[in-house]
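*Asks:* This is the structure, below, for whatever I ask next.
The values are calculated or read from the model by the stated rules, or taken from the named source; none is laboratory data. This structure is a prediction, so every number in the text was calculated from the model and none was measured. So basically every Cβ, Gly included, is an ideal-geometry build from the backbone, and we count neighbours across all protein chains shown.
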Amino acid sequence: MSGVRAGQWWCNTHGAVTPHRGGVVPACPACGIAVLQAVNDGAKLVYREPAPERCAGIEKHPLRPGRVLLGWTACLCNPNGGHRSWQCAECDDVQIWPPHSIVDDKPYFGPGHNDAWRSTG
Ligand SMILES: [Zn+2]
Ligand SMILES: [Zn+2]
Ligand SMILES: [Zn+2]
């Protein structure tokens, strides 16, 4: 993981990427799994897992630390081997990423999908 700067997004399979932002959390445009963001923690660089800012319930509660229940469901439909889930402590709304799909259904994010996602930095 050398050469990664703070603020860059990282896929464990594809390296530094420009994330696709149409989903619950920023995702790798190539494989669709949630990407990690490199952030400065004092002097060292750490990788932080993104989380949705708000629940998807009617009231859109902010998912602040302590107000969201983090979960994991094992599943073979994606390269991560499961789904991260965020449950709102106010209304019990649950969001998951990546979306559940039938096996062999590869992620596709629209026309012109190509290698342009590769970060040039
Ligand atoms: Zn990837
Ligand atoms: Zn809520
Ligand atoms: Zn699944």
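*Asks:* Among the candidates R21, R64, which residue alone is away from ligand 1 (no atom under 16 Å from the Cβ), out of contact with any Ser or Thr (no Cβ under 6 Å at 6 or more places or on another chain) and within 23 Å of C88 (Cβ to Cβ)?
*Replies:* Selected residue: R64, the only one of R21, R64 that is away from ligand 1 (no atom under 16 Å from the Cβ), out of contact with any Ser or Thr (no Cβ under 6 Å at 6 or more places or on another chain) and within 23 Å of C88 (Cβ to Cβ).
*Asks:* If we scan the range 100-107, do we find a residue that is modelled with pLDDT of 90 or more and out of contact with any Gly (no Cβ under 8 Å at 6 or more places or on another chain)?
*Replies:* no
*Asks:* Next question. Scan the range 24-59 residue by residue and report those that are at pLDDT 95 or above and over 26 Å from A89 (Cβ atoms).
*Replies:* A38
*Asks:* Looking only at the range 43-81, filter to residues that are more than 11 Å from ligand 2 (Cβ to nearest atom) and on the phi > 0 side of the Ramachandran plot; which one of those is surrounded by the most Cβ atoms within 10 Å (Cβ to Cβ)?
*Replies:* Checked the range 43-81; the qualifying residue surrounded by the most Cβ atoms within 10 Å (Cβ to Cβ) is G81.
*Asks:* Does the range 66-73 contain at least one residue that is among the β-branched types (V, I, T) and either under 15 Å from the mean Cα position of the chain (by Cα) or assigned to a strand (DSSP E or B) (or both)?
*Replies:* yes
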